[in-house]
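The values are calculated or read from the model by the stated rules, or taken from the named source; none is laboratory data. Because the structure is a prediction, the values reported are computed rather than measured. Because the Cβ atoms are built from the backbone with ideal geometry, glycine has one as well, and the counts that use them run over all protein chains shown.
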Amino acid sequence: MSPVEAAPDARLKWAVLAVVLAADVLDLLDATITNIAAPTITEDLHGGEVLVQWLGTGYSLALGVLLVTGGRLGDRFGRRRVFLIDADLFGLGWRSMFLVNIVAGGVAVVGAFRVLPRDDGDGDAAVDGLGSALLGLSVIGLLYGLIDGSGHGWSARPVLYLAGGALFFVLFCRRQTSAAEPLIKPSLLRNRGFTSGLFLGIVFFAAVSGLLYVLSLFMQHGLGYSPTKAAFGLAPIAAGIVIASIAGHHLIGGLGRNLIFIGLIITLAGTGWMLALVHASGTDVAPWALVPPILLMGLGMGTCFGTVYDVTIGDIDQQEADSAGGSLGAVQQVANAIGAAVVTTVYFHADGQVPAMRSSLEVSVRSCRGSPSRSSVPTTTPVGAPRPASPSPPASSPSTAGPGGPGTRW
C-alpha cells in the first residue's frame, strides 16, 4: 500500500478510536456525576439513605451484568448497530446534571454513524440470556439483602434475599459449565494467573469504589461542600490516575506484577493519610490539607487499574482473550457495586460524620491490605510486554532428531 493510500486508512483508525473513547468518556462521566450528585438527587426525590446506596450500586450493577451480554449482542446483530442503539440510550439523563450526555452522546452517535465499519453480525452467535439473568438475580439478591438489612434491620426478608442471591449464584456457576457460549469460559478459571488477578481485582475495585463514593458524601454531608466544590475537591484523584496510568504504561514491562503491589502501597498510604487527617481534625480539616492524600490515592489507583488488567490476561491464550477481557471488565463493575453497597452501609450506620468517615476509611484500608499477597499472583508476561523466546529443544527431541539425523524436521 502506498503512503497516499495508507494515510486515509490511518485517519479512519484514529477516528474510530475517537468514537470509542467518546463512549468511554460517557461511562466515566455518568459514574462520576452519579457519585457527586447522589446527595442532590436523594434530596430531590426524598429517598433517604437507602436511595443513596442504590445510586452508588445500581449504575455499576447494570453495567457489570450487561457488559458481556452486550458484547454477545454485538457479535450477533452487528457491533455498529448495537453501538448506535446503546449510545442513543446513554443520551438520556437526570435533569441538567446529565445534559453533558446529550452533547457527548450526540458526538458519539454522529461519529459512529460516519466512521464505524458496517457489519451484519453473525446470526449464529449465541447470547447466553439465561446466564446473564442468573448473574443479575444473584447480585441483586445479595445487594438488596445487604442494603435492606442494614437499613431496616435483619428480619426474615433481607435474609431470604441473601439466600436467594446465593442460590442464583450457584445456578449461574452451573450454567457456565453447560452453556454453549458461557459468559465466563470454564477454562479461564483453570488459569491460576487469571483467577488470582480476578480475585485481586474484585477486592481492590470494591475497596476503591466504596472509598470514592464516601469521600464525595463526606465532603458534602460532613464538610458542607456544594456539589461543584466536592467535584473540585476530588479532582486530584483524577489527576493522579492520569499521571500514574501514563507512567505505569512505561514501567509494566520491567516491573510486571510488582507494579500492582506498589500501587496498593501508594493507595494505602493515601488512605491512611486521609484517616489520620479525619481523626485529628474531624470536619474542621482545611480544603488544602485534603489535596496531598487525595492525590496520593489517585496515584495508587492509576498504578493498579491498568496493571491488574495486563497482568491478569497476560498469559491467556489468544482465542480466550476476548472472553477474559470482557469477564474482567464485568467483574470490575460488579465489584464496584458491591464496594459501594458495603462501604456506604458502614458509613450510614456510624454515629456522626467523623466516625462514619473514619469507619469507612478503615474498611477500605483493611480491604486493600486483604488483597492477595504478591506471591499468590503468578509471574505472567503483561499484555504488550516482550515475551521471552521459547528455548530451543534439545537435539535429541522428536521435533529435531529423526531418521535423517539432528536438525531434520518431520
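Conditions (1) at pLDDT below 60; (2) under 30 Å from PHE218 (Cβ atoms); (3) outside the structural domain of VAL52 (by TED's automatic domain parsing); (4) in a helix (DSSP H, G or I), marked per residue:
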position	(1), (2), (3), (4)
MET301	no, yes, yes, yes
GLY306	no, yes, yes, yes
GLN319	no, no, yes, yes
ILE338	no, yes, yes, yes
PRO398	yes, no, yes, no
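Residues in segment 261-286 that are over 18 Å from LEU211 (Cα atoms) and in a helix (DSSP H, G or I): PHE261, ILE262, ALA280, SER281, ASP284. Kindly check whether there is at least one residue in segment 167-177 that is crowded, with 19+ Cβ neighbours inside 10 Å, in contact with a Leu (Cβ under 9 Å, 6 or more places away or on another chain), modelled with pLDDT under 80 and closer than 30 Å to LEU51 by Cβ. Checking segment 167-177: not a single residue is crowded, with 19+ Cβ neighbours inside 10 Å, in contact with a Leu (Cβ under 9 Å, 6 or more places away or on another chain), modelled with pLDDT under 80 and closer than 30 Å to LEU51 by Cβ.
Of the residues making up segment 245-258, those that are more than 18 Å from the chain's Cα centre (by Cα), surrounded by 14 or more Cβ atoms within 10 Å (Cβ to Cβ) and in a helix (DSSP H, G or I) number 6.
Remark: pairs (first residue in segment 235-249, under 11 Å from THR307 (Cβ atoms) and in the same structural domain as THR267 (by TED's automatic domain parsing); second residue part of a helix (DSSP H, G or I) and at pLDDT 90 or above; Cβ separation under 7 Å; 6+ apart in sequence or on different chains) = ALA244/LEU299.
Considering VAL170, VAL159, VAL242, VAL208, the condition of being within 18 Å of ASN336 (Cβ to Cβ) and in a helix (DSSP H, G or I) is satisfied by VAL208 alone. Looking at ASP128 and the list (1) charged (D, E, K, R); (2) under 18 Å from VAL65 (Cα atoms); (3) modelled with pLDDT under 75, which single condition is not satisfied? Here ASP128 meets the rest and fails (3). Taking the criterion of being of a type outside the set (S, T, N, Q), more than 25 Å from VAL214 (Cβ to Cβ) and without any contact (Cβ under 8 Å) to a residue 40 or more places away in the chain, would at least one residue in segment 58-70 satisfy it? Within segment 58-70, one or more residues are of a type outside the set (S, T, N, Q), more than 25 Å from VAL214 (Cβ to Cβ) and without any contact (Cβ under 8 Å) to a residue 40 or more places away in the chain.
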